[in-house]
1. Only residues that are more than 10 Å from every other protein chain (Cβ to nearest Cβ), crowded, with 20+ Cβ neighbours inside 10 Å and within 24 Å of residue A:266 (Cα to Cα): list them for the stretch B:7-33, please.
2. For residue A:126, state whether it is touching a strand residue (DSSP E or B) at 6+ places or on another chain (Cβ under 8 Å), away from every other protein chain (no Cβ under 14 Å) and part of a strand (DSSP E or B).
3. Given the conditions (1) modelled with pLDDT of 95 or more; (2) surrounded by fewer than 18 Cβ atoms within 10 Å (Cβ to Cβ); (3) at negative phi, which single one is not true for residue B:61?
4. Does at least one position in the stretch A:52-71 carry a residue that is surrounded by fewer than 13 Cβ atoms within 10 Å (Cβ to Cβ), modelled with pLDDT under 95, over 17 Å from the mean Cα position of the chain (by Cα) and part of a loop (DSSP other than H, G, I, E, B)?
5. Just one of B:5, B:79 is at pLDDT 95 or above, within 30 Å of residue A:128 (Cα to Cα) and in contact with a strand residue (DSSP E or B) (Cβ under 6 Å, 6 or more places away or on another chain); which is it?
6. Can you name the number of the only condition in (1) more than 14 Å from every other protein chain (Cβ to nearest Cβ); (2) surrounded by fewer than 18 Cβ atoms within 10 Å (Cβ to Cβ); (3) under 26 Å from residue A:398 (Cα atoms) that residue B:36 fails?
7. If you check residue B:40 against the conditions, is it touching a residue at least 12 places away in the same chain (Cβ under 8 Å) and over 26 Å from residue A:323 (Cβ atoms)?
8. Pull up the stretch A:220-242, narrow it to residues that are out of contact with any helix residue (DSSP H, G or I) (no Cβ under 9 Å at 6 or more places or on another chain) and on the phi < 0 side of the Ramachandran plot, then point me to the one that is modelled with the highest pLDDT.
């Protein structure tokens, strides 16, 4: 009799036989759990494999990107033939081959676009994200819904895990500092490009340049070092990429833009990702057990742990909760600005000048889902309602003051109905 | 100008410890630029300075914050953390 033809219950008994020998382990609790993994890149592939083979009953995979050849050295769930397919979809297929006894759903969109009710059903939110702003949003979402959020990141020989336990989740443990306590202000927009992937369609300037490099290499062959002529040619290709990108209007590039962007490439290695992901996955399993009234150990304490593969060093870092944190601390007083229905960006700019915010130089996003309204210096023309803002909504302004200091403020913008 | 001891997280003391002069008027954001230069940190990484478990906010005056936190130049170090922010 082959393994596949074994009755389901019997197959599961065999599959998880070694788990059951662990002190405190409860396979039923794990099977009854749901974990959402945002980002199915190098970390997400490892984490989802660990949780699927541990028998987590329902995995929700979220990633809007498609598979590229450069992913294959780290993202082991994917094969050459998968190029161009959605990561979340392919990962779901491969994980079900590994463990057909679990449920997997996948979303090929931003996690911010998923129905809140779906996220409310999740036990733990996991971040394997390559964008700082997405981490801010996931952290806020988890805190708002009272869910544990476990974040991870990896660059070169280093990686880290942070466990965020919100208030009023005593069954899991004492509350810990959230991601925002650690990084009160998001990094500037020159760090926006995703860490490891060029998405199928260019969504910003950096993507255009990366696509241009791909096309350039395809036409000219790989070069070790680019000359000014190469960079100028790539700048022109990047412009053409922007024209055919549905999310962008025509962008213009200089050779220097290309050089700067290509110089921001980050190193990555599967071994480091595997270590970081294993630590994170085990923290998830511990939290799931505690949520279901079992105990296989407390969460890492301190809640932030860094791994440096170069020296084989694990370093825990004690971080204190920020009592002024706008996410987990004393809630920030959100001020409200009233504008007429047909108000322009200039009207908004005038209204916010009293807060010390130069609207035209600020990065402006929707607080609800982190969606970008405009980057610094690229304010769209026209009325505010043209941006899809109607009624009342909280906007997040990340800005640099005239003295060079950065700040962030959230303000509720309320549009009065036009008479 | 005051000299402070920094320690890059994850590195052994010999490789990770540096002494840096930070101007008295420098904000934490200014100090981060000096730290980034000294440790040659990739611009695609975001850095955070932490002292006694407290991340130092960019707008804080660096020297004043450390004085308030009773920084002892003989034994204390400021932890430098670098983390992937974006990059490619």
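1. B:31, B:32
2. Values: touching a strand residue (DSSP E or B) at 6+ places or on another chain (Cβ under 8 Å): yes; away from every other protein chain (no Cβ under 14 Å): yes; part of a strand (DSSP E or B): yes.
Here the answer is yes, as residue A:126 does meet what is asked.
3. (1)
4. So the first thing to find is which residues in the stretch A:52-71 are surrounded by fewer than 13 Cβ atoms within 10 Å (Cβ to Cβ), and the list is A:69.
Cutting the leftovers down to modelled with pLDDT under 95 gives us A:69.
Narrowing the set further to residues that are over 17 Å from the mean Cα position of the chain (by Cα) leaves A:69.
Filter again for part of a loop (DSSP other than H, G, I, E, B), leaving none.
The answer is no, given that none of the residues of the stretch A:52-71 is surrounded by fewer than 13 Cβ atoms within 10 Å (Cβ to Cβ), modelled with pLDDT under 95, over 17 Å from the mean Cα position of the chain (by Cα) and part of a loop (DSSP other than H, G, I, E, B).
5. Values: B:5 fails: within 30 Å of residue A:128 (Cα to Cα).
Exactly one residue qualifies, and that residue is B:79.
6. Of the numbered conditions (1) more than 14 Å from every other protein chain (Cβ to nearest Cβ); (2) surrounded by fewer than 18 Cβ atoms within 10 Å (Cβ to Cβ); (3) under 26 Å from residue A:398 (Cα atoms), the odd one out for residue B:36 is (1).
7. Values: touching a residue at least 12 places away in the same chain (Cβ under 8 Å): no; over 26 Å from residue A:323 (Cβ atoms): yes.
For residue B:40, the condition - touching a residue at least 12 places away in the same chain (Cβ under 8 Å) and over 26 Å from residue A:323 (Cβ atoms) - is not met.
8. Per the stated criteria, the residue is A:227.
The values are calculated or read from the model by the stated rules, or taken from the named source; none is laboratory data. Just so it is clear, the model here is predicted, and its values are computed rather than measured. Every residue, glycine among them, receives a Cβ derived from its backbone with ideal geometry; neighbour counts consider all protein chains shown.
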